[in-house]
Structures are given as structure tokens and as C-alpha cells.
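First comes the structure, then the notes that go with it.
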Amino acid sequence: MLSVFMAVLRRDLLLAWRRRSDVLTALGFFLLVTSLFPLGVGPEPDQLAQIAGGVMWVAALLATLLSVSRLFESDEADGTLEQMLLSVEPLAVIVLAKVCAYWLLTGLPLVLIAPLIALQFSLTPDETLIVCASLLIGTPTLSLLGAIGASLTLGLRGGGALIALLVLPLYIPVLIFGAGAIDRWRAGLEVGSNLALLAACLLVALAVAPVASAAALRIAQD
Amino acid sequence: MSETQSSAARAPSSGFSLFYYASPQTFFPLAGKLLWPCWIAAALLTLAGLYIGFFVAPTDATQGDSYRIIFIHVPAAWMSMVVYLAMAFWCAVGLVFNTRLSFMMATALAPTGAIWAFVALWTGALWGKPTWGTYWVWDARLTSELILFFLYCGYMALQAAIDDPRRADRAGALIAIVGAVNVPIIYFSVKWWNTLHQGASVSLTAAPTMATTMLTGMLVMALAAWAYTIGAALVRVRAIMIERERSTDWVRKLVSNGDSKA
Amino acid sequence: MNWESASHFWAMGGYGFFVWTSYGVTAAVIAFELIALSRRMKRARAQVKRDVALDRIESEKRGRA
């Protein structure tokens, strides 16, 4: 099982390396959206620091949504998906590996670039750390839940808008706990509970999402 | 395929069997028989509820007569949640037992549930204006209701986007169940978020101070909403049965015999 | 009895707008659903009748040929 996991993970990373522009799309989107906010709401540092957490979280959420719909697309196009469905290995493990690769390519870069954006929003180093920590724990959940939407809408017309409608309600708890972490910090409350709740969401998503996504893939390809 | 399923279901073995009604062919006439009792109950209960609500229940000491909105607001909010749970239940039954009828029931319930969610939001806003001074607050309950409405929309949009009914059923079922698992998490996260951002925390619970006639009116209206929901879902499920099974013999016979108008 | 006159009833103690818009929109939405349902039922039945008629024509043609 582990060998399948590693094989799929390596394959997806390799494929992405050969088509680097795809990876950069989500990152560029994230950067662009977060840079637009100061232009929209004004450059006052206090105000920016206040909205920074929410803006970065919503941007991360939209960036995930934008790219996750293509999670299974190329596999379906070249027939790999059919092979995966026929494989004796558990499909959920394959899906989990794909989501891991996806997160490494789109989620992790967001977390790594977040300090730079925090700087633009004039956050203090402590606040930056909290935003990054919440993104680090929260974005894998976004990827996992996004995989359910991606497999349900695979090959459907209007897939992009549909996946937003399906997945965004599921993202709400993550958004609340994630963006809430920095708010609590700024209000002088402890943030450990937020991060713990984010981690709990991640564990639930880890348990449910690969299985649900695998089931959805079987439904889609039935 | 439908032949083997229906013949298996057609044999009403000793006593009453729920599975006897698990095929569209046997359920269709049953649904037709249940329809009129539902409509009559809905109409009578609505009249009784409105009478109690407007003429028996006294004016509220603090809210004045604006509180009379709760006679639709609360039942609608309850129904929107009950219908979602019922929908998820039928989806789960469908996925486990692979019965067409369960999926049809889930599909038939969704629009009515969405309507209740919409009504709950609309009346909530109109009740909020005189009570809180604003049409919308990011109160935990209102926010959750809004998200519930989105969940209904997602379910219906997904089903509408898929042409193959079998895939539509199953894909819809999956997202309905995932949504049902998420609803409590969403509710508690929103509630928690709400306590962090103080200000919107206006208590909606008027229950302890409520006169018994108010409560009675609300419960009667809730029963009316139940009856209406069941009636609407039964009509819709009958329409879905005809649409989906229109090439089968039983539907053709039924329609050309002009049996049981709906 | 709560109301002294019909105009008192419609005024709803000054909250008439809120109360009647709530009830009105609810009634409208439910009426809309009922109309939509009956139309859908009619359409479904008509579709089946059309199918049956088309099949009959087909089989008659085949019988003649």
C-alpha cells in the first residue's frame, strides 16, 4: 500500500515538474488576489492588519478551488484513471497520494509565500507565524475536500462553477477556524484551540475525503 | 432489469412488508392514495394554525405583533433541517440497498427543502428588522440556515448537471451525505465564530416567556408544514417516476388508462 | 379577540409590512411550487402519451411494410 502511495505521489510530482506553469497558476492567483485587497480597501496599515487573516484565508480557499477541479482531469483524458479504477490497490490510497502531491504543489507554496504577503499587510512576526501555522494545518483539509468536489464534477459541463457551489459550504469550518486564529491572537486570546480544531478538521477530512472521493470516481466512471 | 426487480417486489409475502413498496411500480399508487389526506391535513392545519396565530395568541409584550412571523419562520426553519436529514437518509438507504426509489425520494425532497430554507431566511430577515433593527445579522442560526440553503442548491445543481440519472443519483447522494456530516460541524463552527465576534449575539429563544397559545400555534403550523412537505414530495416523486420510467410498460399503461389524477 | 377592527388587523400594531410580506412571500413561493409541480406532472404524462403514440405509428408502418 505504501509503495503504491509513493509511486503515485512520485508520478504526480514528476508530471507537475514537467508542466511547471500549472503549479504556478494557483500561486500567482493567490498573490494577485491578496495584492488587490489593499488597492480596494485602502493602504492604512491598521486596517490591513485587521483584515489580513481573512483575506489570506479566502484567497487560499479560492486558489485551491481554482486548481483542484483539474485534479483528475488529465488522468481521465489519458486513460490513467481507468487503470486506477481497475487496480487491485485500494483506490482511496491512490486518491490520497494524488491529493498529497496536489497539496505539495499548490498548498505548500501558499504557506511558504504567506510571510511575504503578511509583510505587505503589515503583520507583526508573531501574527505572521500564526497565519502560516493555520495555513499549514488548514490547506491540506482544503485540498482533501476539494478532491471530493473534483471527482464528483469530473467531466461535467460547467464544472468550475459547480465545484464552487459544492465545496465552498464544506470549507466554512476551516475558514472560520483558520482565519479565527489570528483574530483571537489580536484579541489577546490563546490560539492553541483554533489550531487544534483545524487539526481535528484535517483528521476528519483525512478519514472521510479519500474514501468519498474514490466512491465519487467510481460513480463518475461507472 | 426493472422486470426482475419489480417481480421480486411484487410478491407480497405474509403480512405487511416495507420492501413491497420499495419499487416505483408498487409505490406509485400508494403515493397517489396518500396525496389527498396530506393536502387536506395541510389545508386544515394551516387554517387552524393561522387562526390560533392571529386571533387567539395575544400580542407579545416586548415584540408587539411582529412576533407573529414566527408562526411561519420557525416551522420553515425546522422543516428545512428535517428535510435535509430525510434527504440524506434516503441517499444513504439508496447507496446501501441500491434501490431506485430511495434516490427518487431524495431528489423529490430537495426542492421543497430548499424552499423552506429560503422561507426561513426571508421571514427571519423580516422578523429581524423590527426586533434587532437590521434585516441581517451574522447570527449562528441565520448563517447556518444560509449555508443549508447553499447545500440544497449544490445538491440540485449537481444533479441537474449530470444527464445519466443513475450517476446523478449517486453523485448527489454522496454530496448530500458529506453535507449532512458537515452540517453539525458548520453549525458549531459558526456558533463559535459568533461568540468571538460579539455584538450579533441576540438571543432568538423566546421559548420560556412564550405563552402556550403561541407555542400551540407554532406547533400546529409545523404540523401543517410537515403535511405540505410530504404532499409536495409525493407529487414530485410521482412525476420523477413517470419521467424516468417512461419507457416501461407499467408507466405506459398507467398513463394511457388515465389512472389517479394528481 | 385581539383586533378591534379590520384595519387594526391589517396594521398588525405597526408591523404590518413585516408580517404581511413574510406571509405573502411564503404563500407566493408555495403557490409557485404547486403550479410548477402540476405542470411537471402534466408534462411527464404528455411525454409518455407522445411516446406511446409514436411507437404505435412506428409499429403500424412496420406492419404495412
Subject >> Flag for residue B:140 being in contact with a Lys or Arg (Cβ under 6 Å, 6 or more places away or on another chain) and either within 24 Å of residue A:177 (Cβ to Cβ) or of a type in the set (Asp, Glu) (or both) >> reply: yes
**OP:** Provide a single number: the residues in the stretch B:180-193 that are touching a residue at least 40 places away in the same chain (Cβ under 8 Å), within 7 Å of another protein chain (Cβ to nearest Cβ) and farther than 17 Å from residue A:181 by Cα.
**Re:** 0
**OP:** Select from the stretch A:1-47 the residues that are surrounded by 13 or more Cβ atoms within 10 Å (Cβ to Cβ) and of a type in the set (D, E, K, R) and write down the one among them that is farthest from residue A:98 (Cα to Cα).
**Re:** A:22
**OP:** Give the number of residues within the stretch A:155-178 that are more than 8 Å from chain B (Cβ to nearest Cβ) and modelled with pLDDT of 90 or more.
**Re:** 7
Original post:
When you go through A:105, A:85, A:110 one by one, which is the residue that is closer than 29 Å to residue A:189 by Cα and away from chain B (no Cβ under 14 Å)?
Top reply: A:110
**OP:** Considering only residues that are of a type in the set (Val, Ile, Thr) and either facing chain B (nearest Cβ under 8 Å) or farther than 21 Å from residue B:108 by Cβ (or both), look in the stretch C:19-48 and name the one that is surrounded by the most Cβ atoms within 10 Å (Cβ to Cβ).
**Re:** C:19
Original post:
In the stretch B:150-169, what count of residues is obtained for those that are facing another protein chain (nearest Cβ under 9 Å) and closer than 15 Å to residue A:170 by Cβ?
Top reply: 7
Original post:
Just checking, how many residues over the stretch A:179-204 are within 10 Å of chain B (Cβ to nearest Cβ) and either under 20 Å from residue B:178 (Cβ atoms) or in contact with a Cys (Cβ under 6 Å, 6 or more places away or on another chain) (or both)?
Top reply: 4
Original post:
For residue C:46, are the conditions met, namely being of a type in the set (A, V, I, L, M, F, W, C) and either modelled with pLDDT under 90 or in contact with a strand residue (DSSP E or B) (Cβ under 7 Å, 6 or more places away or on another chain) (or both)?
Top reply: no
**OP:** Quick one: in the stretch B:109-149, of everything that is assigned to a loop (DSSP other than H, G, I, E, B), farther than 18 Å from residue B:195 by Cα and not β-branched (Val, Ile, Thr), which residue is nearest to the other protein chains (Cβ to nearest Cβ)?
**Re:** B:135
**OP:** Considering each residue of the stretch A:1-57, count those that are touching a Ser or Thr at 6+ places or on another chain (Cβ under 7 Å) and under 24 Å from residue A:183 (Cα atoms), and give that number.
**Re:** 5
Original post:
Scanning the stretch B:204-219 for residues that are farther than 15 Å from residue B:64 by Cα and small (Gly, Ala, Ser), which turns out modelled with the lowest pLDDT?
Top reply: B:207
Original post:
Quick one: would you say residue A:89 is part of a helix (DSSP H, G or I) and closer than 26 Å to residue A:210 by Cα?
Top reply: no
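Residues checked against (1) in a helix (DSSP H, G or I); (2) touching a Phe, Trp or Tyr at 6+ places or on another chain (Cβ under 9 Å); (3) among the small types (Gly, Ala, Ser):
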| position | (1), (2), (3) |
| --- | --- |
| A:130 | yes, yes, no |
| A:142 | yes, yes, no |
| A:164 | yes, no, yes |
| A:167 | yes, no, no |
| A:198 | yes, yes, no |
| A:212 | yes, no, yes |
Original post:
Which of (1) under 28 Å from residue B:131 (Cα atoms); (2) assigned to a helix (DSSP H, G or I); (3) at the interface with another protein chain (Cβ under 8 Å from one of its Cβ atoms); (4) at pLDDT below 90 is the odd one out, the single condition residue C:51 does not satisfy?
Top reply: (1)
**OP:** Among the numbered conditions (1) surrounded by fewer than 24 Cβ atoms within 10 Å (Cβ to Cβ); (2) closer than 22 Å to residue A:130 by Cα, tell me where residue A:206 comes up short.
**Re:** (2)
Original post:
Going by the conditions given, is residue A:83 part of a helix (DSSP H, G or I), closer than 20 Å to residue A:178 by Cβ and out of contact with any Leu (no Cβ under 9 Å at 6 or more places or on another chain)?
Top reply: no
Original post:
What number goes with the only condition from (1) farther than 19 Å from residue A:58 by Cβ; (2) touching a residue at least 40 places away in the same chain (Cβ under 8 Å) that residue A:207 does not pass?
Top reply: (2)
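The values are calculated or read from the model by the stated rules, or taken from the named source; none is laboratory data. This one's a predicted model, so the numbers in the text were calculated from it and none came from an experiment. For neighbour counting, all protein chains shown are included, and Cβ atoms are generated from backbone atoms with ideal geometry for every residue, glycine included.
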